[in-house]
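The values are calculated or read from the model by the stated rules, or taken from the named source; none is laboratory data. This one's a predicted model, so the numbers in the text were calculated from it and none came from an experiment. For neighbour counting, all protein chains shown are included, and Cβ atoms are generated from backbone atoms with ideal geometry for every residue, glycine included.
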Amino acid sequence: MSVETSPSFHSLGLASAVVAALAAQCKTPTSIQSLAIPAVTSGKDVLALAQTGSGKTLAFGLPLLSALSQPENSNRAVVIVPTRELATQVSTALNDLAMPLDIKIATLCGGVGKAEQIETLADKPQIIVATPGRLKDLLDDDAIDVSEVRHLVLDEADRLLDMGFLPDIKQILTALPSKRQTLLFSATLPDAVESLVSEILFEPVRIRAHAANSVVERIEERLYLVNKAAKPMS
């Protein structure tokens, strides 16, 4: 899939309330957002490849918020990310848009007591952003109800697998309803991710917003050889 120019958010099939909430933040979608939002809105499974920093969070977050903002929709979404820092980042980015829509978001990760997070779950958040280990722990404790989850996002899938989370992810998948939409976002497509695609995605829409396994062009790497005697003392 490709686009010649970036459309407006109004043209991507999002609920008007979501577009209104977004207006203060940005006006024009990025390439991955232009490509992914219509695919996610269609209800199909999606495999999306895009560089870090390209706007992936809103690429899956906006259509999820749009779906969950409908009055008759009692479904929930789970977003799995590899690190606590990313869980906080994703939750913060989505929460600014979710609050005007009266959509609650819970963040489940290490570094915070499970009792506090279980209390947060009592409010029945529509979106849960979690790291695999903490989510699996809460599932093992029967502390979280995932029976109404109809949307699953694996964000930074290549990092999830690089960090050895595949066993946890597979256990989480068995606990989730089989009837769901699954979205897999990744910067690269190593063999391990491609294998996961064949296991958990059903006839996915494949989206590539950059060349395969490319790096961010804005990053410039330099190597300086420094004489030991010139190295500053710390």
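Observations, loosely collected:
- Pairs where the first residue, in the stretch 106-119, is at positive phi and the second is not in a strand (DSSP E or B), C-beta under 8 Å, 6+ apart: Gly111/Arg84
- Looking across the stretch 107-120 at every residue that is among the hydrophobic types (A, V, I, L, M, F, W, C) and within 17 Å of Thr92 (Cα to Cα), the one that is surrounded by the most Cβ atoms within 10 Å (Cβ to Cβ) is identified as Leu108.
- Number of positions in the stretch 22-51 that are touching a strand residue (DSSP E or B) at 6+ places or on another chain (Cβ under 8 Å) and outside any strand (DSSP E or B): 10
- The stretch 117-169, residues that are in contact with a helix residue (DSSP H, G or I) (Cβ under 7 Å, 6 or more places away or on another chain) and among the small types (Gly, Ala, Ser): Ala130, Gly133, Ala143, Ala157
- Members of the stretch 158-188 that are more than 21 Å from Leu65 (Cα to Cα) and either of a type in the set (A, V, I, L, M) or in a strand (DSSP E or B) (or both): Leu160, Leu161, Met163, Leu166, Ile169, Ile172, Leu173, Ala175, Ala187
- Residue among Ile105, Ile80, Ile172, Ile128 that alone is in contact with a Lys or Arg (Cβ under 9 Å, 6 or more places away or on another chain), at pLDDT 95 or above, among the hydrophobic types (A, V, I, L, M, F, W, C) and closer than 19 Å to Ala59 by Cβ: Ile128
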